[in-house]
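> The following block contains the structure, expressed as structure tokens.
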Amino acid sequence: MAAVLSGFAVVWLIIAVGYLLGRIQVLGPEARVVLSRVAFFVASPCLLFVTISESPIREVLGPQFAVAAVSAFAMLGLFLVFGKFVLRGRSGADLVIGGMSASLVNSANLGFPIAAYVLGDISLAAPVVMFQLALYTPLYVGLLDQLTAGRGDRARVRPRPRTEALRRFVQTLGNPMIVGSALGLLFSWQNWRLPGQIHESVELLAGASIPLMLLAFGLSLVGSHPLDKASGRRRDVLLAAGIKLLLHPLLAYVIAAFVFGMDGLMLLAAVVMASLPTAQNVLVAAVRYGTGETIARDTVLVTTILGIPSMAIVALLFT
């Protein structure tokens, strides 16, 4: 429990710094957008590349990877289905952000330290990190690219459908997140390494990703009112947070125990990784695509606050 509290303390301290910077307006009114864009276009692609290229694919593409993948896609689908019928008037992009909030875990900033200090083996976090970085991130980024394409072009003459489809496809392939993931997989597969100075530069940029995301999240809290009824998104947040905190770890347990026959430490690892709170990447994506920011911010906040008792319950159940 001390390790879990320590991991959350790191997160909250950096978020608090971002909030303080926002309160005293040191960085100006556009700081949140600028930091989020730097994280999305520069630092996060570098993090994707470094993490994936240095991970042995054959060691992480096992049962833990499958549990992370199946449970995450199930939670995304569950939110989309419920949202379609319960949350009226939501755009497709809003629903995707809500589904990401219900299924994307904070695997990098909390997953690694919790795996190291709670589970005793940092490699147990690698499968969920690999799934989210190599598979899930390119998929949801590509989907959001498609759902938000052409928003500012309604007044222009629209191109032919075939030309428009090709343009969107090229735009999606050129997304920096997808480029970083693809290059990381290629380098891992071929066991390539960048030259020393270039590798160090990329690593430095990658190291900025998580602090930038947390600072941007702290900035976004200035003047915000979580679960504010006036925002019109309270039901979205409660649905996403409920799925994330309750159903996600429950499904992970069912899949790990009854499909793959896991027990002991491996079963605990699968459930703990699914119990992690919503990742700040969701807010970065929401800001980048200009959709679902309230849903993302409030769900990250609610699940990060409630993540401690949630993981405490999981730890008690398995001890």
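> Can you run down the residue pairs with Cβ atoms below 8 Å, 6 or more apart or on separate chains, where the first is in segment 199-217 and over 11 Å from Ala43 (Cα atoms) and the partner is outside any helix (DSSP H, G or I)?
That search, which allows pairs on different chains as well, returns His199/Arg193; Leu214/Gln280; Ala216/Gln280; Phe217/Gln280.
> In the list Leu35, Leu104, Leu76, Leu95, which residue meets the criterion of being surrounded by 18 or more Cβ atoms within 10 Å (Cβ to Cβ) and either at pLDDT below 85 or touching a strand residue (DSSP E or B) at 6+ places or on another chain (Cβ under 9 Å) (or both)?
Leu104
> Sort out which residues of segment 244-268 are in a helix (DSSP H, G or I), among the aromatic types (Phe, Trp, Tyr) and over 17 Å from Ser310 (Cα atoms), and write them in order of number.
Phe258
> Does segment 5-23 include one or more residues that are more than 30 Å from Asn191 (Cβ to Cβ), surrounded by 13 or more Cβ atoms within 10 Å (Cβ to Cβ) and without any contact (Cβ under 8 Å) to a residue 40 or more places away in the chain?
No.
> Right, something else. So, Phe260, is that one touching a Gly at 6+ places or on another chain (Cβ under 8 Å) and aromatic (Phe, Trp, Tyr) or not?
Taking the combined requirement at face value, the residue does not satisfy it.
> Shifting gears a bit: Exactly one condition in (1) closer than 16 Å to Ala102 by Cβ; (2) among the small types (Gly, Ala, Ser); (3) surrounded by fewer than 16 Cβ atoms within 10 Å (Cβ to Cβ) is not met by Gly290; state its number.
Among (1) closer than 16 Å to Ala102 by Cβ; (2) among the small types (Gly, Ala, Ser); (3) surrounded by fewer than 16 Cβ atoms within 10 Å (Cβ to Cβ), Gly290 violates only (1).
> Enumerate the helices (runs of 4 or more DSSP H) found wholly within segment 139-215, keeping only those where 1 or more residues are under 27 Å from the mean Cα position of the chain (by Cα), at pLDDT 75 or above and surrounded by 13 or more Cβ atoms within 10 Å (Cβ to Cβ).
In segment 139-215, 176-190, 196-207 are the helices (runs of 4 or more DSSP H) which contain 1 or more residues that are under 27 Å from the mean Cα position of the chain (by Cα), at pLDDT 75 or above and surrounded by 13 or more Cβ atoms within 10 Å (Cβ to Cβ).
The values are calculated or read from the model by the stated rules, or taken from the named source; none is laboratory data. Keep in mind that this is a model prediction, so the values were computed, not measured. No Cβ is skipped: glycine too gets one built from the backbone with ideal geometry, and neighbour counts run over all protein chains shown.
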